[in-house]
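In what follows, a structure is listed as structure tokens, so that the remarks can point back to it.
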Amino acid sequence: MKVITANKITAAHWQLFLRADPSRKLVTAYLKNGFVFELRQSPRLLATLVLLPVSAFQLEIKNLAVSPQFENRGLATSLLNFAKEYAHQHNYHELIIGTGSTSFKQLYLYQKVGFRPVAIRSDFFTDNYVKPIFENHLRLRDMIVLKTNID
């Protein structure tokens with residue numbers, strides 16, 4: 001499978017985007033300036049990735065989602081490696097990603113592929129989301145920001 005640029009945002013894309021980020025308002029905002037990529041097994045959409053330039057040297061992964069029936073098959077790892085390669089090819093020096101402090105599986109994966117925690121955005125999820133979010137039976141409040149340097 002190859003990561004390709006998404007030509008059109010469909011309902012299937014939105015299902016995945018909202019799986020990773022339940023705020024349609026926030027997703028809509030970062031889609032305006034973001035680059036959307038996808039993994040397909042024709043014609044089925046398996047996974048999505050949204051990259052957003054933060055500055056001339058920093059790129060952020062804003063959304064990464066895998067369809068539930070295709071989880072644990074290395075697709076998220078493939079998208080993370082693609083993001084690192086994309087950052088390298090476009091002369092970014094840092095790649096960042098934020099995730100919930102209760103997102104244990106994601107925190108493990110991001111660190112496994114070379115990201116390191118660099119900041120905590122306290123109350124990010126309580127300040128930016130109308131409905132409370134629960135993961136792993138815990139109320140999600142804070143965002144953990146992770147970074148990897150691009151050589």
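Annotations
- Residues of region 109-151 that turn out to be modelled with pLDDT under 95 and of a type in the set (V, I, T), as a count: 1
- Residue match in region 92-109 (condition: more than 14 Å from the chain's Cα centre (by Cα) and buried (at least 21 other Cβ atoms within 10 Å of the Cβ)): yes
- Residue count for region 87-102, restricted to those that are in contact with a strand residue (DSSP E or B) (Cβ under 8 Å, 6 or more places away or on another chain) and in contact (Cβ under 8 Å) with a residue 40 or more places away in the chain: 11
- Any hit, region 57-64, residues being over 25 Å from H137 (Cα atoms) and surrounded by fewer than 20 Cβ atoms within 10 Å (Cβ to Cβ): yes
The values are calculated or read from the model by the stated rules, or taken from the named source; none is laboratory data. Bear in mind the structure is a predicted one, so any value in this text is a computation, not a measurement. Cβ coordinates were reconstructed from backbone atoms using ideal geometry, including for glycine residues, and neighbour counts include every protein chain displayed.
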